[in-house]
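K.L.:
Right, I'll just put the structure down here and ask away after.
The values are calculated or read from the model by the stated rules, or taken from the named source; none is laboratory data. Note that the coordinates shown come from a computational prediction; the quantities given were computed from them, not determined experimentally. Don't worry about glycine lacking a Cβ; one is built from the backbone with ideal geometry, like all the others, and counts go over all protein chains shown.
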Amino acid sequence: MADPLMARESLPKAEKYTYADIEQWPADERWELINGTPYNMSPPPARMHQKISGVLFRKIGNYLEGKTCEVYSAPFGVWLVEKEEDIPQASNYVEPDIVVVCDQNKLTDKGCAGAPDLIIEIVSPSTAAKDMCQKLNLYEASGVKEYWVVHPADRVVMVFHLDGNKYGRPMTYSPEEPGANTVRVGILPDLEINLGEVFAE
């Protein structure tokens, strides 16, 4: 799991950080905030991570051409706040691998102020616990309708759908599983993604 960062001696000490704090830190460092705790986003993603992200982004982007929803890939800032004016005070700021936003009012010059409709995180050994615990809870509480957790090493995709204000039991998909090798995107019901193509070497 990514360390919540208190390793950097140059960081000012605070019980809870906001996005205004992050803006004062070195520009060449990437951070996320979850409930006021900062997480360093280094090291950079592995090649397979980037390849999977590229395939998913391309498939979703091709489908959305000419439609209202928009897809973005990292680095793309998401502030889980009520409105743009709340960004400096935000204690929850993330840069998911892929996001789909259907409410144009949430899009700003900086990124997305509010919950996207779909978030996809591609896990690595250093981020798996954060993606499956802190981020899962955060996205659920923030009202993200659909959350995908992609496991490159296991060639598995876990899909969480918001039911009321809670995520139900995740659906699990894999190219090795007959009948579960294609994912239908819940917020885009006409779009199906073949996982054989996503995980192709």
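K.L.:
Can you name the residue in segment 38-75 that is in a helix (DSSP H, G or I), surrounded by 17 or more Cβ atoms within 10 Å (Cβ to Cβ) and not β-branched (Val, Ile, Thr) and, of all such residues, is farthest from the chain's Cα centre (by Cα)?
P.N.:
Looking at the filtered set, the residue picked out is TYR63.
K.L.:
Also, I was wondering about something else. Inspect segment 83-93 for any residue being touching a residue at least 24 places away in the same chain (Cβ under 8 Å), under 12 Å from the mean Cα position of the chain (by Cα), outside any helix (DSSP H, G or I) and under 24 Å from LYS16 (Cβ atoms) and give the result as yes or no.
P.N.:
yes
K.L.:
Restricted to segment 119-156, and to residues that are of a type in the set (Lys, Arg) and either at pLDDT below 95 or part of a loop (DSSP other than H, G, I, E, B) (or both), which residue is surrounded by the most Cβ atoms within 10 Å (Cβ to Cβ)? Break it down into steps so the answer makes sense when it comes.
P.N.:
As a first pass, look at segment 119-156 and keep what is of a type in the set (Lys, Arg): 130, 135, 145, 155.
Add one more test, that the residue is either at pLDDT below 95 or part of a loop (DSSP other than H, G, I, E, B) (or both), and what stays is 130, 145, 155.
Details: LYS130: 21, LYS145: 18, ARG155: 17.
Applying the filter and picking the extreme gives LYS130.
K.L.:
Name the single residue that is surrounded by the fewest Cβ atoms within 10 Å (Cβ to Cβ) among those in segment 96-118 being of a type outside the set (D, E, K, R) and touching a residue at least 40 places away in the same chain (Cβ under 8 Å). It would help to see each step written out before you state the result.
P.N.:
Within segment 96-118, the subset of a type outside the set (D, E, K, R) is 96, 98-102, 104-105, 107-108, 111-116, 118.
Applying the additional criterion that residues be touching a residue at least 40 places away in the same chain (Cβ under 8 Å) yields 98, 100, 102, 112, 118.
Working: ILE98: 24, VAL100: 23, CYS102: 16, CYS112: 24, LEU118: 23.
Checked segment 96-118; the qualifying residue surrounded by the fewest Cβ atoms within 10 Å (Cβ to Cβ) is CYS102.
K.L.:
Moving to a separate point now. Take segment 171-185 and flag every residue that is surrounded by fewer than 16 Cβ atoms within 10 Å (Cβ to Cβ) and either within 17 Å of the chain's Cα centre (by Cα) or among the aliphatic types (A, V, I, L, M) (or both).
P.N.:
Those that are surrounded by fewer than 16 Cβ atoms within 10 Å (Cβ to Cβ) and either within 17 Å of the chain's Cα centre (by Cα) or among the aliphatic types (A, V, I, L, M) (or both): MET171, ALA180.
K.L.:
If you check every pair at least six apart or on different chains, which have Cβ atoms under 9 Å apart with a residue in segment 20-41 that is under 16 Å from ALA74 (Cβ atoms) and touching a residue at least 24 places away in the same chain (Cβ under 8 Å) first and a residue that is of a type in the set (Phe, Trp, Tyr) and part of a loop (DSSP other than H, G, I, E, B) second?
P.N.:
From segment 20-41, the pairs are TRP31/TYR17; TRP31/TRP25; LEU33/TYR17.
K.L.:
Filter segment 53-80 down to the residues that are touching a helix residue (DSSP H, G or I) at 6+ places or on another chain (Cβ under 6 Å) and among the β-branched types (Val, Ile, Thr), then identify the one that is nearest to SER142 (Cα to Cα).
P.N.:
Step by step, filter segment 53-80, then rank; the result is VAL71.
K.L.:
Additional query: Being in contact (Cβ under 8 Å) with a residue 12 or more places away in the chain and more than 19 Å from ALA74 (Cβ to Cβ) is true for just one of GLU192, GLU197, GLU146. Which residue is that?
P.N.:
Exactly one of GLU192, GLU197, GLU146 is in contact (Cβ under 8 Å) with a residue 12 or more places away in the chain and more than 19 Å from ALA74 (Cβ to Cβ), namely GLU197.
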